[in-house]
Ligand code: NDP
């Protein structure tokens, strides 16, 4: 099987070539299938900015919420896969599963190690959505908006990374499921912004425009109750100065600082104190561990069936990718190359 191995942990942008490449393609023989194990073939890979955090050089593993990917290990990733062979009674050949297959063409292990889960079959819903809108990023949006930020009808909600996998669900959940008064998105191009508005945002601002700061100040006149932060850095810094007293910030991610050893922003941190802001970090895996995510998922599926939220092909960017180009597709996350969930389709 072909596998992408983590060979040089980066401090800044991952290097796809040169003398010290971050990842190296290797071909390894598959061991024989033992009792209890399954062999799966990777069909689709989830691309997550969080993966960048698992490979940073010199990070104290105790400060990470999951163990780092070990140097020399296969790059970790969630996937939709197909069972090719099984010596485990719970899974049979042909089953479509969610698996921690990593950047590997084939993965062979016991179901627990692969965190195998059968993929739900929902009429008219592509399996790839279980990596996005109906997967980890959808759940992140749901819990972050409803439980962490406690967004509700009277609230104006601002969300950064609004055209991404998580952000595009935050927009829909805030506006169409929780009935928030106003939803303001931010994204990296005018085209993305118009799409975010089509999902229900009252307005979406292109943060790359020279007058973005002025536009954001105008859009948040009177200040806002909720900020769902996907990007950190300077946008977070700016947003802290746009919060109402006792506003809620759902600190979800900081993608703007994932590829730099010199993070920006946070100069307005004192606003947190003066305005008694509540900033709560959270990790979706804690909710997953609670065993209750089924209810959240059911609520989202219902909202989708009722036509309240949209989960269709516009909600994902599926990139047909040769196995040799898996890291290149992943890097699109950091170039704004995706609208909705970025999914790698292995061809
Ligand atoms: P996205 O689909 O949002 O993809 C990443 C997007 O980030 C890009 O499309 C790009 O959009 C934007 N981006 C890239 N670089 C920058 C930059 N320098 N400044 C601002 N925006 C940038 O990915 P996800 O939905 O999977 O993740 C979104 C965030 O949520 C991440 O920070 C991630 O770590 C976090 N997350 C946290 C979880 C948790 O449990 N706390 C769980 C899942 C995700 P654009 O064109 O708009 O710039």
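The values are calculated or read from the model by the stated rules, or taken from the named source; none is laboratory data. Since the structure is predicted, the reported quantities are computational estimates derived from the model, not experimental observations. Here Cβ is always computed from backbone atoms with ideal geometry, including for glycine, and neighbour counts include all displayed protein chains.
Values as computed for the structure displayed
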{"quantity": "Filter result for residue 329 (in a helix (DSSP H, G or I), touching a strand residue (DSSP E or B) at 6+ places or on another chain (Cβ under 6 Å), more than 20 Å from residue 151 (Cβ to Cβ) and within 13 Å of the ligand (Cβ to nearest atom))", "calculated": "yes"}
{"quantity": "Residue count for the range 312-321, restricted to those that are over 15 Å from the mean Cα position of the chain (by Cα) and assigned to a helix (DSSP H, G or I)", "calculated": "2"}
{"quantity": "Members of the range 45-66 that are exposed (fewer than 15 other Cβ atoms within 10 Å of the Cβ) and within 19 Å of residue 281 (Cβ to Cβ)", "calculated": "59, 60, 61, 62, 63, 64, 65, 66"}
{"quantity": "Sole exception among (1) in a loop (DSSP other than H, G, I, E, B); (2) touching a strand residue (DSSP E or B) at 6+ places or on another chain (Cβ under 9 Å) for residue 12, by number", "calculated": "(2)"}
{"quantity": "Some residue of the range 78-101 being in contact with a strand residue (DSSP E or B) (Cβ under 6 Å, 6 or more places away or on another chain), outside any strand (DSSP E or B), modelled with pLDDT of 95 or more and within 16 Å of the ligand (Cβ to nearest atom)", "calculated": "yes"}
{"quantity": "Candidate set from the range 128-163 (those that are under 11 Å from the mean Cα position of the chain (by Cα), closer than 14 Å to residue 229 by Cα and not in a loop (DSSP other than H, G, I, E, B)); member that is farthest from the ligand (Cβ to nearest atom)", "calculated": "141"}
{"quantity": "Among (1) surrounded by 15 or more Cβ atoms within 10 Å (Cβ to Cβ); (2) closer than 24 Å to residue 66 by Cβ; (3) more than 12 Å from the ligand (Cβ to nearest atom) - the single one residue 258 does not satisfy", "calculated": "(3)"}
{"quantity": "Among the candidates 324, 299, 295, 306, residue that is over 14 Å from the mean Cα position of the chain (by Cα), touching a residue at least 40 places away in the same chain (Cβ under 8 Å), exposed (fewer than 14 other Cβ atoms within 10 Å of the Cβ) and outside the structural domain of residue 145 (by TED's automatic domain parsing)", "calculated": "324"}
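So that you can scan it fast, the table gives a plain yes or no per residue for (1) under 19 Å from residue 308 (Cα atoms); (2) crowded, with 21+ Cβ neighbours inside 10 Å; (3) within 13 Å of the ligand (Cβ to nearest atom):
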| site | (1), (2), (3) |
| --- | --- |
| 171 | yes, yes, yes |
| 176 | yes, no, no |
| 186 | no, yes, yes |
| 189 | no, no, yes |
| 192 | no, yes, yes |
| 200 | yes, no, no |
| 214 | no, no, no |
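For every residue, the table says whether it meets (1) modelled with pLDDT under 85; (2) within 16 Å of the ligand (Cβ to nearest atom).
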position	(1), (2)
234	no, yes
244	no, no
248	no, yes
251	no, yes
265	yes, yes
272	yes, no
282	no, yes
